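> Quick one: the structure is below, questions incoming.
Coordinate-derived values only; no laboratory data. Bear in mind that the values here come from a model prediction, so they are computed numbers and not experimental data. All Cβ positions, even for glycine, are placed from backbone atoms using ideal geometry, and neighbour counts span all protein chains on display.
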C-alpha cells in the first residue's frame, strides 16, 4: 500500500491530486490544512492557537501540528494500510521528526510527490479559489507571503527527499490527466501499486478507506502536521 507525502507550494494542486490518488489506491487522504481549519472552526483553545498563525500565512508550530496529525496517521495506516499525506511536513525539523515517527511505528513514507507550477500561475489559482470558496488566507498579500515561506522553509525538503531516492517531481502547469498518468506510471514502476490495465479508464469510484477515519476516540498523543 502506498504511503505518500504530497509536497508543493500553495496552489500547485496537492489537494486535488491527493484526493485523486486516494481513489486509485484506497489509502486515506489526510489533509493537514483541513484538520487545522476544522480545529479553528470548532473554536477550541488549540484552534485559537492555530488561527493566530494561519491568519497571517505563517507555519503552525511543530508541536501543534504533531498533536493533531499523529493519531490520524496511525489510524489511517491501521484502517487502510496506507496514507496520502497532504500538507505535511513543511520544514526540515518536521521531516526529520516524521521520519523518526514513521520508523518507530513501521509507517515510513515510500514516496514523496513534489508538484510545481510557475509562481504567477499559483497566485492566479489561489485568487480564483478565493473568489470561488472565500478562503480567508487567499488574499494577495497573504498568498505572496505563503509562497515566500514555502521557498525558505519547505523547498529544502526537495533535496532531502531526492537524496533518499523517493522523490517524484511533476509540473502541474498542464492538464490534470497528464499529471495523473505520470504519477501512476512512476508508482507502478516502483511496485507501489498494481499496474492499471492498458485501455481501461482510471478508477473514479470512492473505495472504502479513501477518507480519513474518525479519530474522535483516539488519544492526542505525541505528535505529526501543517496548513495547506
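> With the cut-off at 1.5 for a/c, could you classify region 1-132 from its C-alpha gyration tensor as rounded, prolate or oblate?
On the way: a/c = 1.63, a/b = 1.17, b/c = 1.40.
The shape class here is oblate.
> Assuming R0 = 30 Å, can you tell me the calculated FRET efficiency for the pair residue 176 and residue 139, based on Cβ-Cβ distance, to the nearest 0.05?
0.70
> Place a point 7 Å from Cα of residue 131 in the direction of its Cβ. Which residues in region 3-27 have their backbone N less than 19 Å from it?
Under 19 Å, as judged by backbone N against the label point of residue 131, lie 11-13 of region 3-27.
> Hey, another quick one. Test of understanding: ordering 114, 83, 160 by Cβ neighbours within 10 Å, fewest first, what list do you get? The partial results should precede the final answer.
Details: 114 21, 83 29, 160 15.
Ranking 114, 83, 160 by Cβ neighbours within 10 Å, fewest first, gives 160, 114, 83.
> Follow-up. Take 154, 52 and order them by how many other Cβ atoms sit within 10 Å, fewest up front.
52, 154
> Neighbour counts of other C-beta atoms within 10 Å: give me 20, 186 arranged from fewest to most.
Listed from fewest to most nearby Cβ atoms, that is 186, 20.
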